[in-house]
Structure formats: C-alpha cells, structure tokens
1. Net charge near PHE151: determine it from the other residues with C-beta under 13 Å of the C-beta of PHE151, scoring Lys and Arg +1 and Asp and Glu -1.
2. On a full-extension model of 0.36 nm per residue, what is the gain between GLN191 and ASP165, subtracting their alpha-carbon distance, rounded to one decimal in nm?
3. Cα to Cα, under 17 Å, and not fewer than 8 places away if on the same chain: which lysines meet these conditions relative to LYS172?
4. Taking the alpha-carbon centroid of each part, what is the distance from region 119-193 to region 15-92 in angstrom?
5. In degrees, nearest 10, range 0 to 90: what is the angle between the Cα axis of helix 2-14 and the longest Cα principal axis of the chain?
6. THR59 to MET150: extension gain in nm, 0.36 nm per residue of separation minus the Cα-Cα distance?
7. Can you give the Rg/Rh ratio of region 19-90, where Rg is from the C-alpha atoms and Rh is the Kirkwood radius?
8. List the lysines whose alpha-carbon lies under 27 Å from that of LYS94, not counting same-chain residues fewer than 8 positions away?
Amino acid sequence: MANTKQVKAADIFNNGFSAGDYAIGDGQAFFSASHPTIGAGSQSNLAAASDLSEAALETILTNIQLIKDDRGILIGAGATSLHIPPALQFTAEKILMSPGSTNGTNNFAKNDINAIRAMGAVPGGYFVNRRFTDTNGYFVKTDVPNGAKMFVRTPLQTKMEEDFDTGNLRFKARERYSFGVSDWRGYFGSQGS
C-alpha cells in the first residue's frame with residue numbers, strides 16, 4: 001500500500017507535462033507556459049527542455065523569483081528544493097555541492113565560483129524520487145504554499161481475524177486518498193532533453 005501511494009503521488013509529476021486527463025484546475029498541464037491569470041496574462045512554470053546543469057538551474061531559480069500573482073504583482077517566491085530521479089543524483093550533487101562552477105570545461109582555471117551553492121539558492125538541497133519515470137526530468141519546489149496536495153479521505157485502517165474453519169489468519173487494510181495541485185506556482189519543472 002505504501003508503494004502504491006508513492007506511485008500515485010509521483011504521477012502528478014510524471015504526467016505533469018500533458019494536459020489531457022492530467023489537467024489541473026486552470027485546464028492546463030501542471031507544468032505549462034500558458035497558465036491563465038485574471039489580469040496578468042499567461043504565466044509559466046515550464047522550464048526549457050534541457051539537461052540538468054548549473055546554467056539550466058540558474059535560469060529556473062531566476063524565473064521563480066519573477067513569479068507574479070493573478071494580478072501581475074511579484075510575490076517574492078524562492079526555491080526550496082530540487083526533486084530528481086535516481087539517474088540525476090550525481091549531477092545534482094555536483095551542481096549543489098561543488099565550490100567551483102560546473103559550467104564549461106575549465107572553470108576552475110578561471111576561478112569561477114558556484115553561485116547556486118554560494119548564495120544558498122536551493123536551501124533544502126535535493127531529493128531523489130525513485131518513482132519518477134523520466135530519467136531526464138527534474139523539478140524545483142518553491143516556497144509558494146498550497147502547490148502539490150495530498151488529501152487523506154480515510155486514514156489507513158487495518159483489521160485481522162482468524163478464520164474459524166481453517167485457522168488461517170485473514171488481514172485486510174483500507175485507505176482513501178487523492179493527489180493533485182492547488183497552485184502551479186509551487187513547482188517549476190523541466191522534461192530534460
């Protein structure tokens with residue numbers, strides 16, 4: 001049951017780039033360049049389809065700081081954490097923990113620092129989600145409240161009893177929950193390349 005819950009939670013990210021059956025409340029995909037607003041036109045939480053790199057992450061972090069509310073007023077958002085599949089864990093470690101820049105081939109000779117690390121731009125670090133199906137996709141969680149949601153309708157209930165005729169022990173478990181998105185500003189995502 002725990003595995004199923006994790007798979008269902010990851011589904012909103014695994015299918016977050018296609019609207020169809022996975023559209024959120026505004027009729028768009030979770031990660032879209034066309035989220036409609038009341039008075040600020042369309043807004044985006046869709047990052048360029050590029051591999052995870054220091055430059056790509058810097059662009060996402062800049063775009064997060066430029067998020068506006070429905071009336072076009074900057075909300076002062078910031079990144080909190082990076083969420084990745086297992087295939088990107090070594091890349092993420094290099095990007096977030098290297099003191100020198102990981103851009104290019106010979107940045108140590110230029111003495112470039114890793115601005116993401118130096119500024120603490122991703123304070124929560126990174127999290128590996130083994131349920132992400134795209135090996136190139138990655139997501140940045142923001143500090144905007146009410147992004148991805150989990151509603152527990154019926155908490156986990158278990159029951160067991162012995163079968164009188166056979167002496168076998170019968171066990172059952174039941175729970176109800178749902179996953180969704182309340183505010184697309186809670187995450188920025190890239191499909192990778």
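The values are calculated or read from the model by the stated rules, or taken from the named source; none is laboratory data. Given the structure is predicted, the values throughout are model-derived calculations rather than measurements. We place every Cβ from the backbone using ideal geometry, glycine too, and count neighbours over all the protein chains shown. The area values use the complete protein model at the heavy-atom level, side chains included, leaving out ligands, DNA and RNA. Shrake-Rupley method; radii C 1.70, N 1.55, O 1.52, S 1.80 Å.
1. Numbers: positive: LYS5, LYS8, LYS149, ARG153, ARG176; negative: GLU175.
Its environment carries a net charge of +4.
2. Values: separation 26, 0.36 × 26 = 9.36 nm, distance 5.55 nm.
Additional length available on full extension: 3.8 nm.
3. Those lysines meeting the cut-off are LYS5, LYS159.
4. 19
5. Once rounded, one gets 40 degrees.
6. On the way: separation 91, 0.36 × 91 = 32.76 nm, distance 2.88 nm.
My answer for the length gained is 29.9 nm.
7. Details: Rg = 13.8 Å, Rh = 13.8 Å.
My calculation puts Rg/Rh at 1.00.
8. LYS110, LYS141
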